[in-house]
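Notes follow the structure.
The values are calculated or read from the model by the stated rules, or taken from the named source; none is laboratory data. Worth saying up front: this structure is predicted, and the values here are computed from it rather than measured. Every residue, glycine as well, gets a Cβ built from its backbone with ideal geometry; the counts of neighbours run over all protein chains shown. Quick note on the areas: whole protein, heavy atoms, side chains included, nothing else; ligands and nucleic acids left out. Shrake-Rupley method; radii C 1.70, N 1.55, O 1.52, S 1.80 Å.
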Amino acid sequence: MSRFIVIGERIHCISPSIRRALAERNPQPILQRAKEQLEAGADYLDFNIGPAERDGEEIMSWGVELIQKEFDNVPLALDTVNKKAIEAGLKVYNREKGKPIINSADAGDRIEMIDLAATNDAMVIALCAKEGIPRDNEERIAYCTELLERAMALGLDPNDILFDPLFLVIKGMQEKQVEVLEAIGMISEMGLRTTGGLSNISNGAPKELRPILDSATVAMGIQCGLTSAIVNPCDKRLMETIKSCDVIKGNILYADSFLDL
Amino acid sequence: MVFRESVKKFTGKINEVEMGVGERAIKIGGENVMPFYSFDGDIGNRPRIGMEILDVYPESWIGSLKEIYSDVANNPVEWAKYVEKKFNPDFICLRFEGADPNGLDKSPEECAEIAKAVAENIKLPLVVAGTNNHGKDSVLFEEVAKAVDGKNVVLLSAVEENYKSVGAAGGMVYKHKVVAESSVDINLAKQLNILINQLGVKSENVIMNVGCAAVGYGFEYVVSTIDRIRLAALGQNDKTLQMPIILPVSFETWEIKESIATEEQMPEWGNQEERGIGLEVSTAASLLTVGANAVILRHPKSVETINGFIRELTA
């Protein structure tokens, strides 16, 4: 099995400093967060520009070039609902270190992101959802299958799709947690890869509890087959947990200094 | 249906490491497939063979070898020159048996002089092997590294107990190649590489001796260890294990009773020299097919045989 893939979530327009940096085309705050995440061990960086309806194309291509140029063509997840912005980002993306990931498609309005991935030989995160939160796993798997069939009809390699079962917040949807883990298991049993916005689960919990909840969830998810997640790589406990899980699963060879790598 | 040959592609690649300087410098490693699997991809540099010589007269070696080297065996420089001219291996391994604290206990300075003289009188790359006494080796290699500055020599080897001094002097100050030695312990092999790297020695200046044994002496464990190391290096793209592997085969195969016992002692085992060669050849051939990038041998007949073996498999 391959090592767990860490997609760093910290360049996100929900953060005021990033939103401002995007608006002003100010490289510094973006590069700073990219650096921190890479040093903490991120494999991919998510670049979230929000809906960016007005100048999405320009922002996306500016940011992709900026980050890749500074950090040796680090692979990126291009994160927006704006299809034209994704296309603009893909045009300037350098594939030397890995394919771009389109974040994200779903079985609803955003299903055409699958087509975009197929045409551009990109990877894509496929949300097993249509409108809002899927009712149960039957619905999740139905969406998963729908997305998979569309992708395969277009010639997209199933390995290039990361299925997202939609992690749900513990505080408020505690009774849904096991279901999400089971969904990961079901998708993995089909031989497919998975990912998800892990930090969702600890939303609203006290700051000091979030690393604990995130770590426990990722460990349980990995045991169910989770192959990657969109996380905060600067969370030391979480990264230590992921590395330990990789050792236990035999994805990396143990050495006393394995946490240093 | 058309037959389609399946090809095993790996994401990882073994580092290419250069030994020696000048026109006879060699490279080892560089493959991105299992050993000799040219049908899968790039097998990198041809595996290399080094010949063992000593800093002292080879008292414990078998009669026929003492005979071959009778004119030169008292002088390591002449011995090295003779081996280079007569047998032309890929490199020479000078082993400081005379530095052993339980033997002649030669001083590091004296050994450094010898190493320097040998390095200056041959064109082939030089591997310097220590005594296996970790304390002595650490001072020995410091002196040797200084004396052969600029010769890009391979220091065999740094272990968990002395990697700091051997790595610092050999790999950092004088820019030689350092062999990280573990004894058939896959996790320690990785750990030692990490530690040497954290010390500041670049990965491309490190070679591994992951432990060696003669056939019949826990050999399956050696083979499975090397196999797992190679699969992690290639399949998991584990950069901490992508160093080429050098194995001092002769250090093991000529020490076991099957090669020490004379024909008088064990008539049913047959000719002692043939036995020794057989053990050396079968051990080396097996290790090369599982992933060794360089082997050190003693008997000229073994060198010739293994050379032919490599030639056939890489043709």
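Computed quantities for the displayed model
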| item | result |
| --- | --- |
| Every residue from the stretch A:231-260 that is touching a residue at least 60 places away in the same chain (Cβ under 8 Å), of a type in the set (A, V, I, L, M, F, W, C) and either open to solvent by 10 Å² or more (accessible area, probe 1.4 Å) or assigned to a loop (DSSP other than H, G, I, E, B) (or both) | A:Cys234, A:Met239, A:Cys245, A:Ile252 |
| Check on B:Asp238, more than 9 Å from chain A (Cβ to nearest Cβ) and among the charged types (D, E, K, R) | no |
| Close pairs from the stretch B:37-52: first of a type in the set (Lys, Arg), partner part of a loop (DSSP other than H, G, I, E, B), Cβ under 6 Å, at least 6 apart | B:Arg48/B:Asp90 |
| Test for B:Val148: is it under 23 Å from B:Val249 (Cβ atoms) and either open to solvent by less than 10 Å² (accessible area, probe 1.4 Å) or more than 14 Å from chain A (Cβ to nearest Cβ) (or both) | no |
| Residues located in the stretch B:172-198, provided they are away from chain A (no Cβ under 14 Å) and either within 22 Å of B:Glu23 (Cα to Cα) or touching a residue at least 60 places away in the same chain (Cβ under 8 Å) (or both) | B:Tyr174, B:Lys175, B:His176, B:Lys177, B:Val178, B:Val179 |
| Of all residues in the stretch A:237-261 being under 19 Å from A:Met1 (Cβ atoms) and within 19 Å of the chain's Cα centre (by Cα), the one that is nearest to the other protein chains (Cβ to nearest Cβ) | A:Asp246 |
| Sole exception among (1) at pLDDT 95 or above; (2) in contact with a Leu (Cβ under 9 Å, 6 or more places away or on another chain) for B:Gln236, by number | (1) |
| Subset of the stretch A:1-51 [open to solvent by less than 20 Å² (accessible area, probe 1.4 Å) and of a type in the set (A, V, I, L, M)] | A:Val6, A:Ile7, A:Ile11, A:Ile18, A:Ala21, A:Leu22, A:Ile30, A:Ala34, A:Ala42, A:Leu45, A:Ile49 |
| Neighbours by Cβ (under 6 Å, 6+ apart or cross-chain): first from the stretch A:15-37, closer than 13 Å to A:Glu70 by Cα; second at pLDDT 95 or above and of a type in the set (Lys, Arg) | A:Arg33/A:Arg10 |
| Helices (runs of 4 or more DSSP H) wholly inside the stretch B:219-274 containing at least 3 residues that are open to solvent by 10 Å² or more (accessible area, probe 1.4 Å) | B:219-235, B:257-260 |
| Among (1) open to solvent by 10 Å² or more (accessible area, probe 1.4 Å); (2) outside any loop (DSSP other than H, G, I, E, B); (3) in contact with a strand residue (DSSP E or B) (Cβ under 9 Å, 6 or more places away or on another chain) - the single one A:Leu166 does not satisfy | (2) |
| Subset of the stretch B:162-181 [assigned to a helix (DSSP H, G or I) and not hydrophobic (A, V, I, L, M, F, W, C)] | B:Tyr163, B:Lys164, B:Ser165, B:Gly167, B:Gly170, B:Gly171 |
| Residue in the stretch B:294-302 that is without any contact (Cβ under 8 Å) to a residue 24 or more places away in the chain, part of a helix (DSSP H, G or I) and among the basic types (Lys, Arg) present | no |
| The stretch B:1-18 - residue that is in contact with a Leu (Cβ under 8 Å, 6 or more places away or on another chain) and of a type in the set (A, V, I, L, M, F, W, C) and, of those, surrounded by the most Cβ atoms within 10 Å (Cβ to Cβ) | B:Ile14 |
| Condition met for B:Asp137 (touching a residue at least 24 places away in the same chain (Cβ under 8 Å), away from chain A (no Cβ under 14 Å) and part of a loop (DSSP other than H, G, I, E, B)) | no |
| Matching residues, the stretch B:217-235, being more than 14 Å from chain A (Cβ to nearest Cβ) and free of Cβ contacts under 8 Å to residues at least 60 places away in the same chain | B:Tyr217, B:Gly218, B:Glu220, B:Tyr221 |
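Every residue, every condition in (1) out of contact with any Phe, Trp or Tyr (no Cβ under 8 Å at 6 or more places or on another chain); (2) buried (at least 21 other Cβ atoms within 10 Å of the Cβ), yes or no:
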site	(1), (2)
B:Lys123	yes, no
B:Ser138	yes, yes
B:Ser165	no, no
B:Ser183	yes, no
B:Lys190	no, yes
